[in-house]
Amino acid sequence: MNFWLELLIKVGLALAIMLPVALVVIFGELKISAHMQSRVGPYFAGGRWGWAQPLADGLKFMQKEDLVPADADDRVYKLAPYIVLMGTLALYVVIPIGPDAVARDLDLGVFYVLAVSSLSTLGVLMAGWSSANKYSLIGGLRAAAQLIAYELPLVLAVIAVAVQAGSLSLNDIVNAQASFHLFGVESILGRDVTWISSLISPFMILQIVGLVIFLVASLAELSRIPFDMPIAESELTMGYLTEYSGLRFTMFFLGEYAGLVSMAAIAATLFMGGYSFPGVSEDVLNFLGPVILLSKVMFIAFVFIWLRWTFPRLREDQLQTIAWKWLIPAGLINIVATAIFKVAF
Amino acid sequence: MTGRKMPTLPFKGLRTGMWLTLKTLFKKPVTVHYPLEKETPVPRARGVIALDTEACTVCMLCARECPDWCIYIEGHKEEQPPAKEGGRVRTRATLDRFDIDYALCMYCGICVEVCPFDALFWSPDFEYSELGISEMMHDKDRLTYWLSTVPDPPKLESN
């Protein structure tokens, strides 16, 4: 097949799948947050349950004027939302959605994920700098400080997974989880324990420390409450988003939720077995894989939403304390422990 | 004895909070879907001020006491022929205009309190929103209509 045609189809497919998923997550956020506060949330848009609310919001944003502040650095200001959105969408390239279904199975998949996921930080910093607004600037700098602090625990959590799986390719990590045994232990006290290992095959159990670190750090990477100091409304109006309106704001908004979905997809792939499910054979997985992965993604997205609507925003120093004093040492210990187990068994 | 804290499991606040939001998630929301279903306000709710034009003597006390000057009153004297031939002409104050600007009204109820002739009443009706702020000025007829929604006063106590 023509290379460019194939590329076009892949890009179109990625957008056709990921943007609706992001919209679903936005709708889920509206509804779940409402019910957590004993409200009903959107109710009338689209008829039933207000299902069309995210679409209506998007259409409303698109009608707004695309304002550029007079003092703004024009080009940088206009480019920033694209970089944020691209940074999150580019992650989908390496996420395997089935045994044979992956856009590009890189050997350095995990490395690519970590590198690209910090690309959107650059977009945020650009937005903050170019807006010519003190709130935007402080928001952008806070985002930079936060993302530097939380990039480390994220990487450390992922390293432990890579050590345990013995590979940096996401597909191999999924396979390692699907066919994983308790560090090679087949029997404990003379009893066959392979059935246990088939149950606990995802790294969710063995890498529980890593999973928690990864989830907390990715919350911070996405700068969602309780880690949303970059856009803290009570202090910074809207942080780096202050000056944005119309379509560019929509892109930031979509980027935020697409980022949530991509982070959830990566967490699901690294820790929860990705497209695989205990007891489901590989032939079936080619069809069921995307569904399994999607349900895992939705579960993690729910946890993110749940956390957001439970906790207030942290203070800037508390944020740094959590990263440097707790998550990074825990991540390092986790790596050491994983490596020892890996070598010992 | 120093009050030493009992050791608890870590992340107590975290657990309590998460459990609370999860519980609330599955509870029935308290929302009343307003246009479809309505709450009945309590009988003496301060919804809107109703006017009894028969009782009003155009004394202007309400208009003067109103903290944000939202009451507009105009009236004139109507002359009536004297009772006896050669007597003084009798006069009667007649109400021409009694408007309340509900865009300004802050529902303090001072006008209702101050009225010496019991011409103003609280009505629990609350559905009089308008599309423009200038349309919030309601006239005598509208205020009189609201009189029909005023609940009966509470019964006098026996003995």
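Quick notes on this structure:
- Total formal charge among the other residues, if their Cβ is under 14 angstrom from that of B:L61, Lys/Arg +1 and Asp/Glu -1: -2
- Distance between modelled label sites at A:N2 and B:A83, nm, 7 Å Cα→Cβ extension: 10.7
- Considering only GluC sites (Glu not before Pro) in DSSP loops that have at most 11 other Cβ atoms within 10 Å, the longest stretch of chain A without any of them is A:187-345.
- Per-residue shielding of B:12-20, expressed as the average number of other chain Cβ atoms within 10 Å of the residue Cβ, stands at 2.
- Out-of-range pairs (alpha-carbon distance over 28 Å; input A:K78/A:K325; A:K31/A:K296; A:K10/A:K296; A:K31/B:K38; A:K325/B:K23; A:K31/A:K64): A:K78/A:K325; A:K325/B:K23
- Relative contact order of chain A, taken over Cα pairs closer than 8 Å and 6 or more residues apart, is 25 percent.
- Between 0 and 90 degrees, the angle of helix B:12-25 with respect to the longest Cα principal axis of chain B falls at about 50 degrees.
- Take each residue in A:29-38, count the other chain C-beta atoms within 10 Å of its C-beta, and the mean is 4.
- Partner shielding of B:23-36 amounts to 4, given as the average count of beta-carbon atoms from other chains within 10 Å of each residue beta-carbon.
- Taken as Cα centroids, segment A:321-343 and segment B:92-159 sit 71 Å apart, rounded to the nearest whole angstrom.
- Label-point gap, in nm, between B:N159 and A:W326 - each point 7 angstrom along Cα→Cβ: 6.8
- Equivalent ellipsoid semi-axes, chain A, via Cα gyration tensor eigenvalues times 5, rooted, Å: 35, 23, 20
- When the alpha-carbon atoms of segment B:78-156 are used, the pair Rg, Dmax equals 17.6, 56 angstrom.
- Label-point separation, A:D66 to B:E54 (7 Å along Cα→Cβ), nm: 6.8
- Partner lysines for A:K342 [C-alpha distance under 21 Å; skip if fewer than 8 residues away on the same chain]: none
- Evaluated on chain B, the Kirkwood hydrodynamic radius is 20.5 Å, with distances taken between all distinct Cα atoms.
- Whole-angstrom gap from segment A:212-230 to segment A:56-74, using each part's C-alpha centre: 27
- Between helix A:208-221 and chain A: long-axis angle, C-alpha atoms, 0 to 90°, nearest 10: 10
Any read-out appearing in this document is the output of simple, stated calculations on the displayed coordinates, not a laboratory observation. All figures in this text were calculated on a predicted structure; none of them were measured in a lab. Positions of Cβ are backbone-derived with ideal geometry, glycine not excepted, and every protein chain shown enters the neighbour counts.
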